[in-house]
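Just so it is clear, none of the values below were taken in a lab; they were calculated from the coordinates. What you see is a predicted model; the values in this text were computed from it and never measured. So basically every Cβ, Gly included, is an ideal-geometry build from the backbone, and we count neighbours across all protein chains shown.
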Amino acid sequence: MEILACPICKGSLEYIRDKNILVCRKCNIFFEIREGIPILLPDTGKPLKE
Ligand SMILES: [Zn+2]
């Protein structure tokens with residue numbers, strides 16, 4: 001999988017295989033992957049729950 005950047009901070013995203021999401025630890029948000037395509041838009045990020 002190619003390295004994807006957070007649309008907000010441009011930092012690297014971490015892929016969580018279990019949940020099929022991309023996480024930005026810096027922003028503390030995650031992005032869903034739909035049909036194999038990461039939805040990397042600033043307003044699609046959702047807050048991470050600890
Ligand atoms: Zn970020």
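Taking the condition outside any loop (DSSP other than H, G, I, E, B) and away from the ligand (no atom under 13 Å from the Cβ), does Ile3 pass?
no
With the condition kept exactly as written, say whether any residue in the stretch 6-19 is charged (D, E, K, R), within 12 Å of the ligand (Cβ to nearest atom), over 10 Å from the mean Cα position of the chain (by Cα) and surrounded by 13 or more Cβ atoms within 10 Å (Cβ to Cβ).
no
Could you list, in sequence order, the residues of the stretch 26-50 that are near the ligand (Cβ under 9 Å from one of its atoms) and either under 9 Å from the mean Cα position of the chain (by Cα) or exposed (fewer than 13 other Cβ atoms within 10 Å of the Cβ) (or both)?
Once the filter is applied, which keeps residues that are near the ligand (Cβ under 9 Å from one of its atoms) and either under 9 Å from the mean Cα position of the chain (by Cα) or exposed (fewer than 13 other Cβ atoms within 10 Å of the Cβ) (or both), the stretch 26-50 yields Asn28, Ile29, Gly45.
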